[in-house]
Every structure is written in C-alpha cells, then in structure tokens.
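*Asks:* Got a structure for you, questions after.
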C-alpha cells in the first residue's frame, strides 16, 4: 500500500495577511514585556514570527499536516518596502558625506567580502552550494532579516536547497544578537577612551521610536495616496524592467529592479518636476515603509517550515 500524503492546512491571502498583522502585534507586546528582546534590539516581527513558526511546527508534529500560507500580499509588501528605500536614497549624500563616508564604504565592502568568503568556505566544508554561504554571510549579516528573506527564494530556485528562508532568518537573528553583544562593549570603550559626551546631557539615545512617544506630525490621507501612487508607478516600471532582464538571462528578484528604478526616480523627480509635492523622506513614506517591513517580516517568519530542518 502506498502512503497517503497528509493534506496541508492552507491559509489564503486574506487570512495570511490578517495573521501577519496579529503576529506583528503579538511580537510588539512580547518585546514590550521582555527586556532581553529590547536590550538586544530584536524587532517585533521577529519575536512574534518565530513564536508563530513554533506554533505551526507544533501543529505539524501533532497532526502531521504542514501549514502553508499564500504569500502574494507578503511579496507585494516586500517590493513596496524596497521601493521605498530606493525613493529615500540620495546620490548627493555620497558627496556631502566626504572622507568619513568613503572610509565607511571601503570598510563595509571589505567586511562584506570577508563575510561571504567565510560563509562560502563553511558551505564548501559541508558540501553545500556556495550561494548558501552568501545567504548566511552578507545577505543576512549586513542586509538583516529583510534582505535575507528577499533573496532566499531566488537562492532556493538556483540551488534547489529547501530551507533557505529558515537558514537566512537564523543567520540574521544570530548576527543581530552577536552585534548587540559585541557592539555595546566596543561603543562603551570608544566613549570612555575618547572622552565623548552628548551635547545635551538630558538627551537619551533612542534607536527607532520609543514605545511611549506619540507621533507629533500629522499625516493626511492625501499624503499616503500620493506616496502610494509614486511607489506603484515605480513598481510597474521595475516589473517591466524585471521582465527584460529575465529575457536577457539576468535573474534577479523583483525587488532589485524596483529599488533601482526608485533610486533613479527619487533623484530625478525634484529636478525634473520641482513643483510636485515631495514624496521622498516624508512621514507618509516612512509610515508606509514601516508598515510594509513589519508586516512582510511577520508573514515571512510565521511561514517558516521548521519541520523541513529535521
């Protein structure tokens, strides 16, 4: 007798996006309650997403049925987020940064090369594809969860290795914790040896928006719609460019041509159409980017199939 394959539990678009919002908010509550997560700057969607992935793992262990999610909305939010990054990029910042920025760029490139070299060497030692070394190298350590998740499907397509998403997320999470463990003492040492002091002793350094801080600026529906319109135009152009690139044999994730298109449009719009309302570096774009990033991370992490790693 042939073994019967268990019927998967499938969540459609609407249910998946709803669960993504729920997972993010659960992660937000967990991060507020657990000081360890705040001290090490673990993002809310990572806290909630990993918990949700453990729940789906438990469901699989009990029922034998894998849990699958429709990722269409996740993929849209991912592209929307990276298009927003492109709109915020300013080429003139490279000139105004001067020598310190040039030094930082050189050091970053060297670090990326070291990370990828070590990652590829470890992958080769275990007989794994070299692309997995890049995924656990600069893609996850420099790019973080967002970049690792964005590149994971393409690397899985190239290598045929199942579990690239889980591997990338694990690398990004470990990198996040180690960076906090190492970065704190280094920063403390530099502050003490250089005798650095804040300009205002009453200022408190904050990464991101503090939990108790309220948004002081007013964002209108028109602001949001203007930004969304520009983002959608960017994505349409990027989608067409993506098709031409694939036809030419250049295989890249959709977010890459969309982000490059956004960089070009974001730098040209103020010059070509100076009377248009600003879109780049606005509170509306920041809101959309944060919403997109948080939701697509939560949806990606909750969809991890941890049972495939067994």
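So that you can scan it fast, the table gives a plain yes or no per residue for (1) outside any helix (DSSP H, G or I); (2) on the phi > 0 side of the Ramachandran plot; (3) exposed (fewer than 13 other Cβ atoms within 10 Å of the Cβ); (4) touching a residue at least 60 places away in the same chain (Cβ under 8 Å):
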{"site": "268", "(1), (2), (3), (4)": "no, no, yes, no"}
{"site": "274", "(1), (2), (3), (4)": "yes, no, yes, no"}
{"site": "277", "(1), (2), (3), (4)": "yes, no, yes, no"}
{"site": "280", "(1), (2), (3), (4)": "yes, no, no, yes"}
{"site": "285", "(1), (2), (3), (4)": "no, no, no, yes"}
{"site": "288", "(1), (2), (3), (4)": "no, no, no, yes"}
{"site": "294", "(1), (2), (3), (4)": "no, no, no, yes"}
{"site": "297", "(1), (2), (3), (4)": "no, no, no, yes"}
{"site": "300", "(1), (2), (3), (4)": "no, no, no, yes"}
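*Asks:* Something else about it: Any idea how many residues of the stretch 19-39 are in contact (Cβ under 8 Å) with a residue 60 or more places away in the chain and closer than 21 Å to residue 72 by Cα?
*Replies:* Taking the stretch 19-39 as the starting set, the residues that turn out to be in contact (Cβ under 8 Å) with a residue 60 or more places away in the chain are 19-21, 23-24, 27, 32, 39.
The next check asks that each one be closer than 21 Å to residue 72 by Cα; those that pass are 19-21, 23-24.
Adding up the residues that qualify gives 5.
*Asks:* Give the residues of the stretch 239-263 that are farther than 13 Å from residue 82 by Cα and either touching a strand residue (DSSP E or B) at 6+ places or on another chain (Cβ under 8 Å) or touching a residue at least 40 places away in the same chain (Cβ under 8 Å) (or both), sorted by residue number.
*Replies:* 251, 252, listed by residue number.
*Asks:* Name the single residue, out of those in the stretch 103-113 being closer than 17 Å to residue 140 by Cα and loosely packed, with under 12 Cβ neighbours inside 10 Å, that is farthest from the chain's Cα centre (by Cα).
*Replies:* 110
*Asks:* Six or more apart or on different chains, Cβ atoms under 7 Å: show the pairs whose first residue is in the stretch 138-163 and touching a residue at least 40 places away in the same chain (Cβ under 8 Å) and on the phi > 0 side of the Ramachandran plot and whose second is part of a helix (DSSP H, G or I) and surrounded by fewer than 16 Cβ atoms within 10 Å (Cβ to Cβ).
*Replies:* Within 7 Å, the pairs are 163/308; 163/309.
*Asks:* Going residue by residue through the stretch 81-102, is there one that turns out to be free of Cβ contacts under 8 Å to residues at least 60 places away in the same chain and crowded, with 20+ Cβ neighbours inside 10 Å?
*Replies:* The answer is no; no qualifying residue exists.
Values quoted throughout were computed directly from the atomic coordinates according to the rules given, and no laboratory measurement underlies them. Please read all numbers here as calculations on a predicted model, not as lab measurements. Cβ atoms come from the backbone with ideal geometry, glycine included; neighbour counts cover every protein chain shown.
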